[in-house]
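Here, each number is a calculation from the coordinates, and none is a lab measurement. The shown structure was predicted, so the numbers you read here are calculated from the model rather than taken from an experiment. Using ideal geometry, Cβ is built from the backbone for each residue, glycine included, and neighbour counts are taken over all protein chains shown.
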Amino acid sequence: MVNTRAWFAEAIATFGLVFFGPLSVILAVVVFGDGSLSTDAIIMISLGHGGAIALMVYAFGHVSGAHINPAVTIPMMITKKIGVKDGVGYILFQIIGAVIATATLAVIFPEIGKQVLWGAHGGPSDIINGSVISAVVLEIIFTFFLVVVIFMTAVHKKAPKSVYGAAIGGMVFLLHLVGVPLTGASMNPARSFSPALISGDAGLWEVQWIYWIGPIIGGIIAGALMTYIYTNKAEKEE
């Protein structure tokens, strides 16, 4: 039996991330200018994404698990933490929530938002010499550690549930702090897909695969390892 209430929770939570996260990118342009990303701008963007995730996890974690990310839901399906039908529903509604969020930003901020394509991820930066291979590897590593934190705080039976939102949000903050200057720090296909769709920018579609392949691979590796080594053992001991 599917849980459509949880699907709707995923849509709302993903809207929260894809509205407030990119909004911090738009506001960074207003406050710090549209040139190279400054330290202050990166901190602002990292706080916007990390804070949105932490609060959405606390708000909806008890309803849907607050995956907010296909790269989290897919490992949950593979490790049988969620059924296939619910998993597909989660992913669909995550994408719907993300697209509505970006469309809302496009309506409210048609000019200033367009400067940053409403928070789009534009591919590998000059720091990694524009290397798509490096970008994919970085997204794999970033998402691996994000999903490790999720499985070890929100899924593991012995983890203190009172801190899991802060832990996950804190990891998102850290990943944006180091990842924004490198790949844009996606770790989330829905987060990258919606600005590409709404903006219609051809360049974003050319690199879109990076933000699907990298996060999904990283998430699957982390989910499988954490389940096999840690969470299954904790479940058997209960």
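Overview of values
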{"read-out": "At least 15 Å along the helix axis (C-alpha) and Kyte average at least 1.0, DSSP helices within the chain", "value": "4-32, 39-64, 84-108, 132-150, 164-179, 210-226"}
{"read-out": "Computed Rg/Rh of segment 106-192, alpha carbon atoms with Kirkwood Rh", "value": "1.07"}
{"read-out": "Total formal charge among the other residues, if their Cβ is under 15 angstrom from that of H176, Lys/Arg +1 and Asp/Glu -1", "value": "-1"}
{"read-out": "Between segment 78-109 and segment 139-157, the alpha-carbon center distance in angstrom", "value": "19"}
{"read-out": "Cα-based Lys pair tally, the chain, threshold under 13 Å, eight or more apart or on separate chains", "value": "5"}
{"read-out": "Pairwise label distance in nanometres, I112 with A224, each label 7 Å out on the Cα-Cβ vector", "value": "4.5"}
{"read-out": "Signed unit charges on C-beta, dipole axis of the chain, positive-most listed residue T231, V72, G218", "value": "T231"}
{"read-out": "Coarse-grained scattering of segment 146-210 at q = 0.15, 0.16 Å⁻¹, given as base-10 log I(q)/I(0) from a Debye sum over alpha-carbon atoms", "value": "-0.59, -0.65"}
{"read-out": "Net charge over other residues, Cβ less than 14 angstrom from the Cβ of Y164 (K, R count +1; D, E count -1)", "value": "+3"}
{"read-out": "Packing-based order for 140-146, 85-91, 205-211, using average beta carbon neighbours within 10 Å, highest first", "value": "140-146, 85-91, 205-211"}
{"read-out": "Added length on full extension, which subtracts the Cα-Cα distance from 0.36 nm per residue, F145 to I128", "value": "4.1 nm"}
{"read-out": "Efficiency of FRET between V31 and Y58 - r from beta-carbon atoms, R0 35 angstrom, step 0.05", "value": "0.80"}
{"read-out": "Highest-first arrangement of 72-82, 101-111, where packing means the average Cβ count within 10 Å", "value": "72-82, 101-111"}
